[in-house]
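**Student:** Supplied in structure tokens, the structure appears directly below.
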Amino acid sequence: MKRLFLLVIVISSLLASCGENTVSYREVPQEKVNENVKIFIQSVQGIQDQGRNGIYKYYDKENIQYLYVTQDFLADGKGFGGLDIETDADSMHLYLKESEEPTEDTYRLYRIESNREFTYSKIYKNGEETYFGTIGVRGD
């Protein structure tokens, strides 16, 4: 009887974990991304808009996207902080932070992989919702 009960608990936990949203991300150098991502980065670097916020997103392949953050994101004297990602039923929430310590980096590029697509993608700077300067999508 105890074995049966234990078996039911194990199977239930496995089935419950199958429906979870799995998202992983890592920082990558521009040299290590494919040509489509490089072209997107070059295109946003050429934008001459004084109001740009330095946050760009590119949808590459199914369930793979890139977040490109430039120095335009930073307030004077600040550096790049971290990235946190949270998900719910239909949204991916990306939380970017600035660091009090200035950095010499000119950009941050993150590769984000998920096990499914999301209807909405929201971006936050230091806890406050903001917007993507540009969103690109792979054309093929």
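The values are calculated or read from the model by the stated rules, or taken from the named source; none is laboratory data. All figures in this text were calculated on a predicted structure; none of them were measured in a lab. Cβ: placed from backbone, ideal geometry, glycine included. Neighbour counts: every protein chain shown. Calculation scope for accessible area: heavy atoms of the full protein, side chains included, ligands and nucleic acids excluded. Shrake-Rupley method; radii C 1.70, N 1.55, O 1.52, S 1.80 Å.
**Student:** Restricting attention to the range 106-122, which residues are at pLDDT 95 or above and among the β-branched types (Val, Ile, Thr)?
**Tutor:** Once the filter is applied, which keeps residues that are at pLDDT 95 or above and among the β-branched types (Val, Ile, Thr), the range 106-122 yields only Ile112.
**Student:** Checking the conditions here, which among Glu128, Glu101, Glu113 is free of Cβ contacts under 8 Å to residues at least 12 places away in the same chain and either open to solvent by less than 70 Å² (accessible area, probe 1.4 Å) or among the charged types (D, E, K, R) (or both)?
**Tutor:** The match here is Glu128.
**Student:** Another question about this same structure. The conditions are (1) among the polar types (S, T, N, Q); (2) out of contact with any Asp or Glu (no Cβ under 9 Å at 6 or more places or on another chain); (3) within 23 Å of Val33 (Cα to Cα), and Thr130 fails exactly one of them. Which is it?
**Tutor:** Evaluating Thr130 over (1) among the polar types (S, T, N, Q); (2) out of contact with any Asp or Glu (no Cβ under 9 Å at 6 or more places or on another chain); (3) within 23 Å of Val33 (Cα to Cα) leaves (3) as the failure.
**Student:** Would it be correct to say that Gly54 is at pLDDT 90 or above and of a type in the set (Gly, Ala, Ser)? Even if it seems obvious, please write down each step before you answer.
**Tutor:** On the way: at pLDDT 90 or above: yes; of a type in the set (Gly, Ala, Ser): yes.
Yes: the conditions hold for Gly54.
**Student:** If I filter the range 20-39 down to residues being of a type in the set (S, T, N, Q), assigned to a loop (DSSP other than H, G, I, E, B) and touching a residue at least 40 places away in the same chain (Cβ under 8 Å), which single residue comes out as most open to solvent (accessible area, probe 1.4 Å)?
**Tutor:** The extreme case among them is Thr22.
**Student:** Take the conditions in contact with a Lys or Arg (Cβ under 6 Å, 6 or more places away or on another chain), under 27 Å from Ile39 (Cβ atoms), at pLDDT 95 or above and among the aliphatic types (A, V, I, L, M) and apply them to Leu67. Does it pass?
**Tutor:** Yes, satisfied.
**Student:** Say we look at the range 65-98 and pick out the residues that are surrounded by 13 or more Cβ atoms within 10 Å (Cβ to Cβ) and small (Gly, Ala, Ser); which of these is farthest from Val44 (Cα to Cα)?
**Tutor:** Checked the range 65-98; the qualifying residue farthest from Val44 (Cα to Cα) is Ser91.
**Student:** Can you tell me how many residues within the range 40-64 are touching an Asp or Glu at 6+ places or on another chain (Cβ under 9 Å), aliphatic (A, V, I, L, M) and surrounded by fewer than 19 Cβ atoms within 10 Å (Cβ to Cβ)?
**Tutor:** 1
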